[in-house]
Amino acid sequence: MDMQTYRDGRKQATNAAEAIRAALAALGLPERVWGSVRPMVTHSGKPYVHLGMVRADAAERMAEAMRAPAETEPVE
């Protein structure tokens, strides 16, 4: 992989990881939950976000937050 592919993937992964961290903090979850969120780039340049292991109660709060917008959208 060339350096530009890595940089592009790293930038995308970093932006996504920061967005996840901010969302988890906004849910009131402590830093021990969102502090382990890390940007990652595969050897081929694909961006990923590693969420790590979270406690079940934190995972339930995350799932509730992800469901909420879909449940409140108006039905046409």
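The values are calculated or read from the model by the stated rules, or taken from the named source; none is laboratory data. Just so you know, these numbers come straight off a predicted model, no measurement behind them. Glycine gets a Cβ as well: all are built from the backbone with ideal geometry, and neighbour counts include every protein chain shown.
A few comments on the model shown:
- One residue alone among G45, G9, G52, G35 is more than 9 Å from the chain's Cα centre (by Cα) and either β-branched (V, I, T) or loosely packed, with under 12 Cβ neighbours inside 10 Å (or both), and that residue is G52.
Residues are listed down the side, and each one gets a yes or a no for (1) part of a helix (DSSP H, G or I); (2) modelled with pLDDT under 95; (3) aromatic (F, W, Y):
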| position | (1), (2), (3) |
| --- | --- |
| M1 | no, yes, no |
| Q4 | yes, yes, no |
| R10 | yes, no, no |
| N15 | yes, no, no |
| A23 | yes, yes, no |
| L29 | no, yes, no |
| P39 | no, no, no |
| H43 | no, yes, no |
